[in-house]
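Chemist: One structure, as structure tokens, below. Some questions next.
Throughout, read-outs are computed from the coordinates displayed, never taken from laboratory work. Since this is a predicted model, take the numbers as computed values, not measurements. No Cβ is skipped: glycine too gets one built from the backbone with ideal geometry, and neighbour counts run over all protein chains shown.
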Amino acid sequence: MKDDQFKAWELTREKGKLKFFLIRGVLLYGLPMFIIMAFMNKPFVDGFTSKAAIVHIIVWPLAGLLFGVIMWYVTEHKYKKELASRPYPKG
């Protein structure tokens, strides 16, 4: 983990998991995937309450949430590994 990534993650983790899950997961992954898949699969052809539309409305936000959770723990693991390898600050 580079120093700028390390510092950026420290700031991100201060804001909390929930904010990360919602912003990075649901908003920045789930929503774009929902839009892309809506154009590709056309689930709204039969209306917003069709089975296909409801599946898309449920699946992509949940997929985004899962993505956010996974990314949090992967990055947190890298952060802790980097933290352990750094020398203690002299004070």
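Chemist: Ignoring solvent entirely, what values of log10 I(q)/I(0) come out of the Debye formula for the stretch 14-91 at 0.14, 0.16 Å⁻¹ when each Cα is a single scatterer?
Modeler: With one equal scatterer per Cα and no solvent, log10 I(q)/I(0) is -0.57, -0.66.
Chemist: Can you list the lysines whose alpha carbon is less than 18 Å from that of LYS51, not counting same-chain residues fewer than 8 positions off?
Modeler: Within reach: LYS42.
Chemist: Now for a different question. Hey, which lysines would be in cross-link range of LYS19, C-alpha to C-alpha under 28 Å, not counting anything within fewer than 8 residues on its own chain?
Modeler: LYS2, LYS7, LYS78, LYS80, LYS81
Chemist: Same structure, new question: Which value at 222 nm does the chain reach when only helices count, each DSSP H run of 4 or more adding -39,500 (n - 2.57), with the total divided by all residues and rounded to the nearest 500 deg cm²/dmol?
Modeler: Numbers: 4 runs with 63 residues, N = 91.
That comes out to -23000 deg cm²/dmol.
Chemist: In addition: Explain nothing, just the number: dipole magnitude of the chain about its Cα centre with +1 on each Lys and Arg Cβ and -1 on each Asp and Glu Cβ, in debye rounded to the nearest 20.
Modeler: With only Lys, Arg, Asp and Glu charged at Cβ, the dipole is about 300 debye.
Chemist: Towards the positive end of the charge dipole of the stretch 43-91, with charges on Cβ (+1 Lys, Arg; -1 Asp, Glu), say which of TYR73, TRP60, GLY47 has the farthest Cα.
Modeler: TYR73
Chemist: Convex hull volume of the Cα atoms in the stretch 6-47, per residue, in Å³?
Modeler: On the way: hull volume 2.7 nm³, N = 42.
Dividing the Cα hull volume of the stretch 6-47 by its residue count gives 65 Å³.
Chemist: If the label point is 7 Å along Cα→Cβ of MET37, which residues in the stretch 53-84 have backbone nitrogen under 17 Å from it?
Modeler: Zone members listed by number: 53-70.
Chemist: Dipole magnitude of the stretch 42-87 about its Cα centre, charges +1 at Lys/Arg Cβ and -1 at Asp/Glu Cβ only, in debye to the nearest 20? List each step's numbers first, then the result.
Modeler: Working: 6 positive and 3 negative charges, 39 e Å.
Once rounded to the nearest 20, the dipole reads 180 debye.
Chemist: Counting Lys +1, Arg +1, Asp -1, Glu -1, what net charge surrounds GLU82 among other residues with beta carbon under 13 Å of its beta carbon?
Modeler: Charge balance near GLU82 sits at +3.
Chemist: If one takes the longest principal axis of the Cα atoms in the chain, at what angle in degrees, from 0 to 90 and to the nearest 10, does the Cα axis of helix 3-15 lie?
Modeler: Once rounded, the angle reads 60 degrees.
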